[in-house]
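Step one of this worksheet: look at the structure below.
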Amino acid sequence: NTFLFFFVFLLIQVSAHTQIQAQAKTIKTQDLLNSFTNNIKSKASVTMEFEMISGSGSYNGSVVASGGAYKMENNELELFCDGETKWIVNHSGKEISIFHHDPGHTDIVENPMGFFGTIDKGYTFSEKSSLDNKGLYIIELKPKNKHTAYKTITLGIEPGSFNPRLVKYTSKDNTVYTIIISKFTSSNQPLTPSSFRLPEPYPSGYFINDLR
């Protein structure tokens, strides 16, 4: 009887430990998204370094954002936005395009910080999310708006910090783009809008395409 009692007690302990482990590896997706977006919105400024991979190759880039302003750079182009005006500098084509900024435009490639800050809206997702083999919480998002350029977005979030580490999205033509975030840092110090304007004079020899 003593052995039987001990055996049953051991089974209960093992079962409880397994359940605790399983619970630790899953989380309600809505709670996860709330923590993620609140984390992004609480930062006065953020810096992100990433690698984008697609079927046509890959490139490295960086983004700095503060409030509604942001700046994105990679090997071929630079994008500046002070919250009102947007400048896209195409170095390979030697062209500078200037636009009025649409705050509602939160394309993931152009403005990932704006995208991250609104990702808790406009998508359907599973009730719970689990850790993958790399220790990231994985969420698959499907846009409610059928006119978006992509079908699904997979987001990888780091536990504890709730920082983004992976974004993978599939376009309507089934092209898959993967963004691996190698560095994500933040500061409580906001940056001035002038930090996100294309410095003048503009680079010489570039065609200026002013679409404002």
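Summary table below
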read-out	value
Enumeration of residues in the range 139-150 that are open to solvent by 50 Å² or more (accessible area, probe 1.4 Å) and either under 18 Å from GLY117 (Cα atoms) or at pLDDT 90 or above (or both)	GLU140, LYS142, LYS144, ASN145
Residue selected from the range 41-72 under the condition among the polar types (S, T, N, Q) and open to solvent by 60 Å² or more (accessible area, probe 1.4 Å), by the criterion nearest to THR118 (Cα to Cα)	SER42
Complete set of residues in the range 155-169 that are modelled with pLDDT under 90 and part of a strand (DSSP E or B)	TYR169
Residue in the range 26-45 that is aromatic (Phe, Trp, Tyr), closer than 22 Å to LYS151 by Cα and in contact with a helix residue (DSSP H, G or I) (Cβ under 8 Å, 6 or more places away or on another chain) present	yes
Checking LYS121 against (1) at pLDDT 90 or above; (2) surrounded by fewer than 16 Cβ atoms within 10 Å (Cβ to Cβ); (3) among the basic types (Lys, Arg); (4) within 25 Å of SER42 (Cβ to Cβ), the condition it does not meet	(1)
Where ILE139 falls short, out of the listed (1) within 15 Å of the chain's Cα centre (by Cα); (2) in a strand (DSSP E or B); (3) over 30 Å from LYS25 (Cα atoms)	(3)
Number of positions in the range 177-212 that are under 20 Å from the mean Cα position of the chain (by Cα), farther than 21 Å from ARG165 by Cα and outside any loop (DSSP other than H, G, I, E, B)	1
Any hit, the range 193-204, residues being surrounded by 17 or more Cβ atoms within 10 Å (Cβ to Cβ) and within 28 Å of SER56 (Cα to Cα)	no
All strands (runs of 3 or more DSSP E) inside the range 72-127 with 3 or more residues being among the aromatic types (Phe, Trp, Tyr)	none
Pick from the range 142-162, criterion of a type in the set (D, E, K, R) and more than 19 Å from ASN39 (Cα to Cα), ranking: farthest from the chain's Cα centre (by Cα)	LYS146
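The values are calculated or read from the model by the stated rules, or taken from the named source; none is laboratory data. The structure presented is a predicted model; accordingly, all values stated were derived computationally and were not measured. Neighbour counts run over all protein chains shown; Cβ positions are idealised from the backbone, glycine included. Heads up: the accessible areas ignore ligands, DNA and RNA and are worked out on the full protein's heavy atoms, side chains in. Shrake-Rupley method; radii C 1.70, N 1.55, O 1.52, S 1.80 Å.
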